[in-house]
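A.B. asks: Structure provided below as structure tokens; questions to follow.
The values are calculated or read from the model by the stated rules, or taken from the named source; none is laboratory data. All values reported here derive from a predicted model rather than from experimental measurement. Cβ atoms come from the backbone with ideal geometry, glycine included; neighbour counts cover every protein chain shown. The accessibility values were calculated without ligands, DNA or RNA, using every heavy atom of the protein model including side chains. Shrake-Rupley method; radii C 1.70, N 1.55, O 1.52, S 1.80 Å.
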Amino acid sequence: MEDLIRGRLGGADGYDIRCAIAGDTIKGRAGGKLHGKDINLEITERGVQGSIGADSVRIELQDGELRGNVGAQKLTLRGVDRVTGFLGEPIVGWNIVAHQNGEKLAGQLGSTVLGRPFELDLGSAPGWVGTLVAVVAFYALEPRANVSR
């Protein structure tokens, strides 16, 4: 049976996120047909690997945290239904905060002034999966999220 993650990153001027979860595979799209990227992730025994557009995603569970890279940016995520973390480097990075309430996930990437809020319907997926999908979408579609391009 397929489960869906759907929602929006960045409010009215942001991007749609649509992904299907089948087993341990997450496939979908962030953004629209003209300005968007495909999301392909696989949950493994050690973490998550895959791609967002042409960039790779590789994170592993280490000391209770998911750590690794989304493209050129470092990523750390902690928690299951209350998720915190960081994308990037300390000086030019983005805090991550999200909270799952039932099948809904609400969060923020970056500061409340300059950051991007997100809201997702998770289906039966845990909050950390929705948060990861929001982070990879942010990385792929926000030019300021990847200064190395």
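A.B. asks: Please give the number of the condition Thr112 fails out of (1) under 29 Å from Leu34 (Cβ atoms); (2) not in a helix (DSSP H, G or I).
C.D. replies: (1) is the only condition that Thr112 fails.
A.B. asks: On to the next question. Gly85 fails exactly one of the following numbered conditions: (1) of a type outside the set (A, V, I, L, M, F, W, C); (2) open to solvent by less than 30 Å² (accessible area, probe 1.4 Å); (3) assigned to a loop (DSSP other than H, G, I, E, B). What is the number of that condition?
C.D. replies: The one condition Gly85 does not meet is (3).
A.B. asks: Within region 88-99, which residues are β-branched (Val, Ile, Thr) and either outside any loop (DSSP other than H, G, I, E, B) or at positive phi (or both)? Before you say what the answer is, go through the steps one by one.
C.D. replies: To start, the set of residues in region 88-99 that are β-branched (Val, Ile, Thr) comprises 91-92, 96-97.
Correct list: Ile96, Val97.
A.B. asks: Could you tell me how many of the residues in region 51-82 are of a type outside the set (Gly, Ala, Ser), open to solvent by 40 Å² or more (accessible area, probe 1.4 Å) and either in a strand (DSSP E or B) or in contact with a helix residue (DSSP H, G or I) (Cβ under 8 Å, 6 or more places away or on another chain) (or both)? Even if it seems obvious, please write down each step before you answer.
C.D. replies: Of the residues in region 51-82, the ones of a type outside the set (Gly, Ala, Ser) are 52, 55, 57-63, 65-67, 69-70, 73-78, 80-82.
If we keep only those that are open to solvent by 40 Å² or more (accessible area, probe 1.4 Å) as well, we get 55, 58, 60-63, 67, 69, 74, 78, 80-82.
Now restrict to residues that are either in a strand (DSSP E or B) or in contact with a helix residue (DSSP H, G or I) (Cβ under 8 Å, 6 or more places away or on another chain) (or both): 55, 58, 60-62, 67, 69, 74, 78, 80-82.
Residues meeting the conditions: 12.
A.B. asks: Is there a residue in region 138-145 that is closer than 18 Å to Ala20 by Cα, open to solvent by 50 Å² or more (accessible area, probe 1.4 Å) and either in contact (Cβ under 8 Å) with a residue 12 or more places away in the chain or more than 12 Å from the chain's Cα centre (by Cα) (or both)?
C.D. replies: No, every residue in region 138-145 fails to be closer than 18 Å to Ala20 by Cα, open to solvent by 50 Å² or more (accessible area, probe 1.4 Å) and either in contact (Cβ under 8 Å) with a residue 12 or more places away in the chain or more than 12 Å from the chain's Cα centre (by Cα) (or both).
A.B. asks: Would you pick out the residues in region 115-131 that are more than 15 Å from Gly10 (Cα to Cα) and among the aliphatic types (A, V, I, L, M)?
C.D. replies: Of everything in region 115-131, those that are more than 15 Å from Gly10 (Cα to Cα) and among the aliphatic types (A, V, I, L, M) turn out to be Leu122, Ala125, Val129.
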